[in-house]
Structure formats: C-alpha cells, structure tokens
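One structure below.
The values are calculated or read from the model by the stated rules, or taken from the named source; none is laboratory data. None of these values were measured; they are calculated from a predicted model. Glycine gets a Cβ as well: all are built from the backbone with ideal geometry, and neighbour counts include every protein chain shown.
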Amino acid sequence: MPPGAPARGDLAPPDYAALTPDAVLDALQAVGLRGDGRILQLNSYENRVFQVMLEDGGAVVAKFYRPARWSDAQILEEHAFARELADEEVPAVAPLALHAPASEAGAGPAPRLEPPLPPHTLAVFTTGEPPMRLAVSPRRAGRAPELEDDEVLHRLGGFIGRLHAVGRRRPFRHRRTMHPAEDARASLATLEAGGFVPEDQAPAWRAACEQAIARIASDFDAVRPRASRLHGDCHPGNLLWREEGAHIVDLDDACNGPAVQDLWMLLSGDPVAAGHQLAQLLRGYRRFTDFDERELSLVAALRLSRMIRHNAWIAQRWHDPAFPVAFPAFGSSGYWGQQVVQLREQLAATGAD
C-alpha cells in the first residue's frame, strides 16, 4: 500500500474473489443462458465484465456491477435508455432480456429479475452480501475509431447528435445530474478525509483544487447549460468502430448534463488540431439536433473537474485489490506532486489567474 493511502474507501469492498468461472457460468445459466465453458475477462476497473461463449454458438458479454455503486433504479434507467436508443436505431448496445428457466429452478444461484414486469434486464443475486447485480448484452466487435479521419469524426458527430436527440425527450429521474464544481469539491473532501494526499503535498493540492473549482463554478454560472440525458463517458474506448459506423458501449456513467460532455473527450492534440476535430464532430452533430455554441467554453471546466474526480474515484475503490496494482504510485509524494503540476498547467492553459 503506498504511503498516504489508508486501506479504506467509500464503497463496500466488492467480493469479486467469489466470481470464479464456474460462478459466472452458474449465474448465466440461472437467467437462461448456457455457456460452453469458454470465458474471457474483459478490461474493466469499475465492474467485472466477461465475454462468454454459449452452447448455441452465440456469444454474450456479462457485466457484474460493482456492489453499492448504483441502485436497482439507477441501473434500470441505464438499461431503459440503451433500449430506447436501440429502438430508435441509434447503435447503442442494449441489455438482453433475461429469463429464469422453470425447469432449472433451484439450480445454482437464484436471481431476482428486475423490473417486475418484462423485459427483465437485471438479475439480482441475494445469496451473498452485498447483492450482486448482473446484466447481459450481445457481443459486438469493433476497433477504436480513427479520430484523425474527418469522415469518421463527421459520422461520430452524427451518431452523438442522434443519441442526444433521443436523450432530450425526458431527463433521468434516478441517475445523477452533473454539477461539476460540486462534484469536484466532494472529490476533494473525499481525498482529504481519507488522508490520501501526503502532508507535504496537501497544501499545494488544496490550493490548486480551490482555484480549479472556482474556475469551474464561474464557467458554469456564466452559461447555465441545458441538462439532458447523455452517455456521460464518451471516450474512444467506449466506441466500437466498424465500416458501417460505430456502436456505443458502457452506459455505466449515463447522466444528465450538457451536450459538450459527450464531445470533448474525443478531442486531442494542440488547440488547432482539437478545433478542427470539434468542427468535424459538430458538422455531423448538427444534422440531427442543435448545439449551443456557449457550451464550448465549458470544456476546460469539464476537464478540470474530471482530473480531480479521477483521483477520488481511485481512492473510493482502494479496497479493490485491482486498484493498488493498477495505480502503485497513488498516495506517494511524487504522484501528488505530479497531480498538482498537471492541474496548474491546465489552469494556465485556460488562462486562469
């Protein structure tokens, strides 16, 4: 354990050790899907995700949600949004309907299927503590989109525009609404309460965060953007590109927020390159819905908020054995010194005093 990172977190430690291949296959069989024994664990820090080959020759992706992060209602809103998008032919990967075969009642774990009326898209296994939640989606193949290609950017912009056109029909009732300044302040409090920042870096870190939070609040107060349903974490890793276009995956962070949240993480390079990429994205986006140009001034604030929140995300999950392995320097003086420098550099790049 790195110095300054006590063995605590705000989320209950997940009992993923019990999620053996046999347990995964038993869980799938309990919801009507028979695996043939071939399982591949996919990359995911937040949840545990497996590609499972089925006896009928098909393949699915089984997602076991991190315990205590989301409520059933929040997960079901995610599922309903994905299914709504799919119904509108927006290529989001929606969860499959699950079934508990009557002939196999009592075999393996016994799930509760949600919602109470079909289609059931969430299985809740209450045999352990805390309950384990499972969703299953079809496997979709693809590669990372080539963001240097103007035509790819144009098509991605159109895809996101279609997603937002559906998202604006109604807000989420159970999932969070983005409040970037408040979110960043809560993240700072989490890190300080847990003692994750070493004493020699704590004053500089707090000062940089306070400056960033003031900038975030000022930018959002000036624009007061419309909040609507978003993907929420629309980075290239969550877009599977094929010749016919993109499939979007992982609506785990779906939320209410400004439209630009689903655009800025696709930008890279110097300001000129990023500006060109944004122009191509918006060229496609505006074919399907409007875009408030004032939201472009929020990109810096959203980036600052994400930088602070990322560190709290690690801290809240420090009980999970995967996190100390993935972030071995977290908690060290060197790590936090680097975080301070990066936050200051981002503030300087945005012209903050």
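Per the listing D262, D219, D270, the residue uniquely closer than 28 Å to V49 by Cα and either of a type outside the set (F, W, Y) or touching a strand residue (DSSP E or B) at 6+ places or on another chain (Cβ under 9 Å) (or both) is D262.
The single condition from (1) buried (at least 18 other Cβ atoms within 10 Å of the Cβ); (2) modelled with pLDDT under 95; (3) in contact with a helix residue (DSSP H, G or I) (Cβ under 9 Å, 6 or more places away or on another chain) that S268 fails is (1). The requirement of being β-branched (V, I, T) and farther than 30 Å from R155 by Cβ is fulfilled somewhere in segment 51-68, by at least one residue.
Here the strands (runs of 3 or more DSSP E) wholly within segment 73-169 that include at least 1 residues being loosely packed, with under 14 Cβ neighbours inside 10 Å are 132-138. What residue, among those in segment 114-146 that are modelled with pLDDT under 95, among the aliphatic types (A, V, I, L, M) and touching a strand residue (DSSP E or B) at 6+ places or on another chain (Cβ under 8 Å), is nearest to G57 (Cα to Cα)? Across segment 114-146, the extreme among qualifying residues is A141.
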